[in-house]
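Quick one: structure below, then a few questions.
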Amino acid sequence: MVKNIAVIRGDGIGPEIISEALKVLDKVAALYGHTFNYTDVDMGGCAIDKYGDPLPEHELNKCLSSDSVLLGAVGGDKWNDVPGNMRPEKGLLRLRAGMGVYSNNRPAKIWRQLSDASPLKKSIVDEGIDFIIVRELIGGIYFGEHKTEGDTAVDVLRYSESEIERIGRIGFETARKRGKKLCSVEKSNVLDSSRLWKKVMHRLSAEYPDVELSDMLVDNCAMQIVKNPAQFDVIVTENMFGDILSDEASMITGSIGMIPSSSLGATSCGLYEPIHGSAPDIAGKDIANPVGAILSAAMMLRFSFDMENEATAIENAVSKYLDSGLRTADIMSEGMTLVGCSKCGDLICDNLRKE
Ligand code: NAD
């Protein structure tokens with residue numbers, strides 16, 4: 001297969017971690033006979049320096065004409081004083097809106113080799129943590145009317161059936177590619193929008209008989225994520241609930257440098273990025289952990305290119321690398337051997353085998 005990938009290296013550690021992700025993609029291409037063509041896109045602080053704009057139209061267009069977008073991270077102190085609408089993060093918002101990505105997918109996975117890093121009790125961690133939160137990204141209360149009149153403030157939470165349906169489908173499709181269990185999270189004991197949410201999810205469920213659908217109230221879900229995370233496969237929820245639950249879920253896995261994410265819309269062209277920022281404090285030192293970026297590339301293969309075996313091969317290579325006791329500084333512990341960012345990428349490539 002031939003795939004065209006727009007590559008946004010961005011700022012800070014972005015270029016370092018993306019180089020490692022591309023190394024791994026090149027190895028996958030060689031093993032499986034694919035061709036990945038990369039187009040570099042300037043976004044964020046580096047684009048402000050070059051064009052005076054965090055995402056000029058011509059750079060956005062490169063993303064829109066690609067098969068998918070791989071992003072490192074943007075931002076840094078250097079651009080703190082630029083006007084709000086020209087800040088590096090504005091490039092990211094413009095990119096998400098331009099691509100129409102309404103679904104943010106964030107896995108919460110604990111690698112058994114790193115189980116000590118979780119703040120949860122060992123007995124809970126030992127049950128396994130491996131689920132995905134599918135969050136609606138461009139609707140709900142964050143996008144409703146906001147107003148303050150005197151001593152009263154109002155934020156409007158509105159969802160239409162079609163908005164719920166399109167994110168619901170992503171939830172079902174994601175579950176179908178994993179453990180086939182979907183938990184729909186809402187607050188239907190109080191909110192009309194949640195009752196509509198629940199109704200649409202159950203209507204959709206008839207089209208996905210192979211996926212087991214369950215309902216959970218959001219307050220209960222927040223408890224269950226720390227009490228019994230092993231019960232979850234895929235969680236689908238609205239924008240604000242997803243915002244809060246996905247941060248809770250990433251915390252229980254223990255390491256920010258290891259977590260990938262994807263954002264998808266109506267087409268297979270997705271945006272893939274690690275959840276961390278540009279980490280200016282460690283940029284240019286070859287010490288960043290590139291695994292979040294490498295696993296983001298694996299998500300791209302699975303969700304945008306339908307390359308399940310290739311994605312699994314990357315995940316297995318990461319697992320073997322961790323098995324061998326090698327660690328970047330952020331996940332270093334006693335008895336392990338320290339490696340840098342570039343070496344980490346090399347080792348994961350060495351461990352890649354055709355599945
Ligand atoms: P950050 O995620 O960049 O860093 C937080 C801490 O985690 C730092 O100590 C950093 O060294 C460490 N860290 C992060 N990623 C790591 C990795 N891969 N390996 C090892 N250690 C890692 O968050 P921050 O410091 O709040 O933000 C720095 C900049 O990044 C800001 O300008 C912020 O706006 C931007 N940011 C960008 C994105 C994005 O591009 N999607 C997301 C969040 C923050």
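Taking the criterion of being surrounded by fewer than 24 Cβ atoms within 10 Å (Cβ to Cβ) and part of a loop (DSSP other than H, G, I, E, B), would at least one residue in the range 340-348 satisfy it?
Within the range 340-348, one or more residues are surrounded by fewer than 24 Cβ atoms within 10 Å (Cβ to Cβ) and part of a loop (DSSP other than H, G, I, E, B).
If you take the residues in the range 328-355 that are at pLDDT 95 or above and of a type in the set (Asp, Glu), which one is nearest to MET307 (Cα to Cα)?
ASP350
Looking at the range 167-179, I want the residues that are within 14 Å of ALA206 (Cα to Cα) and have a partner that is assigned to a helix (DSSP H, G or I) and open to solvent by 10 Å² or more (accessible area, probe 1.4 Å) with Cβ atoms under 9 Å, at least 6 apart or on another chain. Which pairs are those?
From the range 167-179, the pairs are GLY168/ARG203; GLY168/SER205; PHE172/SER205; GLU173/PHE303.
Among the candidates ALA311, ALA283, ALA317, single out the residue that is more than 16 Å from the ligand (Cβ to nearest atom) and farther than 13 Å from GLU20 by Cβ.
From the options ALA311, ALA283, ALA317, the qualifying one is ALA311.
Something else about it: Within the range 284-334, track down each residue that is at positive phi, of a type in the set (Asp, Glu) and touching a Gly at 6+ places or on another chain (Cβ under 9 Å).
ASP286
Given GLY171, GLY144, which one is touching a strand residue (DSSP E or B) at 6+ places or on another chain (Cβ under 9 Å) and part of a loop (DSSP other than H, G, I, E, B)?
Testing whether each residue is touching a strand residue (DSSP E or B) at 6+ places or on another chain (Cβ under 9 Å) and part of a loop (DSSP other than H, G, I, E, B) leaves just GLY144.
If you don't mind, another one. Which of the residues spanning the range 255-274 are more than 15 Å from ILE110 (Cα to Cα) and either out of contact with any strand residue (DSSP E or B) (no Cβ under 7 Å at 6 or more places or on another chain) or part of a loop (DSSP other than H, G, I, E, B) (or both)?
GLY265, ALA266, THR267, SER268, CYS269, GLY270
For the range 34-72, which positions are open to solvent by less than 10 Å² (accessible area, probe 1.4 Å) and in contact with a Lys or Arg (Cβ under 8 Å, 6 or more places away or on another chain)?
VAL41, GLY45, PRO54, LEU55, SER68, GLY72
Please go through the range 1-22 and pick out each residue that is within 16 Å of the ligand (Cβ to nearest atom) and open to solvent by 60 Å² or more (accessible area, probe 1.4 Å).
Once the filter is applied, which keeps residues that are within 16 Å of the ligand (Cβ to nearest atom) and open to solvent by 60 Å² or more (accessible area, probe 1.4 Å), the range 1-22 yields only ARG9.
Can you spot a residue in the range 296-306 that is assigned to a loop (DSSP other than H, G, I, E, B) and either modelled with pLDDT of 95 or more or acidic (Asp, Glu) (or both)?
yes
Right, next: Go through the range 174-254 and tell me which helices (runs of 4 or more DSSP H), entirely inside it, have 2 or more residues that are of a type in the set (D, E, K, R), assigned by TED's automatic domain parsing to the domain that holds SER160 and within 20 Å of GLU163 (Cα to Cα).
192-205
Starting from the range 59-87, keep only residues that are farther than 30 Å from MET1 by Cα and in contact (Cβ under 8 Å) with a residue 12 or more places away in the chain, then list their pairs with residues that are acidic (Asp, Glu) and away from the ligand (no atom under 12 Å from the Cβ) whose Cβ atoms are within a distance under 8 Å, requiring at least 6 positions of separation or different chains.
Short answer, once both residue conditions are applied: MET86/ASP53.
If you don't mind, there's one more thing I want to ask. Go through the range 88-123 and report how many residues are within 13 Å of GLY10 (Cβ to Cβ) and open to solvent by less than 70 Å² (accessible area, probe 1.4 Å).
Total satisfying the criteria: 4.
Consider SER268 carefully, then state whether it is more than 8 Å from the ligand (Cβ to nearest atom), touching a Leu at 6+ places or on another chain (Cβ under 9 Å) and not aromatic (Phe, Trp, Tyr).
It is false that SER268 is more than 8 Å from the ligand (Cβ to nearest atom), touching a Leu at 6+ places or on another chain (Cβ under 9 Å) and not aromatic (Phe, Trp, Tyr).
Here's a check for you: in the range 252-291, which residue that is over 29 Å from VAL125 (Cα atoms) and of a type in the set (A, V, I, L, M) is surrounded by the fewest Cβ atoms within 10 Å (Cβ to Cβ)?
Filtering first and then ranking leaves ALA266.
How many residues are surrounded by 15 or more Cβ atoms within 10 Å (Cβ to Cβ), over 17 Å from MET258 (Cβ atoms) and among the small types (Gly, Ala, Ser) if we restrict to the range 299-339?
Total meeting the criteria: 2.
Among the residues of the range 70-111, which ones are farther than 30 Å from GLN231 by Cα and of a type in the set (Phe, Trp, Tyr)?
Hit for the range 70-111 is TRP79, nothing else.
The values are calculated or read from the model by the stated rules, or taken from the named source; none is laboratory data. All of these numbers come straight from a predicted model, not from anything done at the bench. Backbone-built Cβ (ideal geometry, glycine too); neighbour counts: all protein chains shown. Accessible surface is based on the protein model in full, side chains and every heavy atom, while ligands, DNA and RNA are left aside. Shrake-Rupley method; radii C 1.70, N 1.55, O 1.52, S 1.80 Å.
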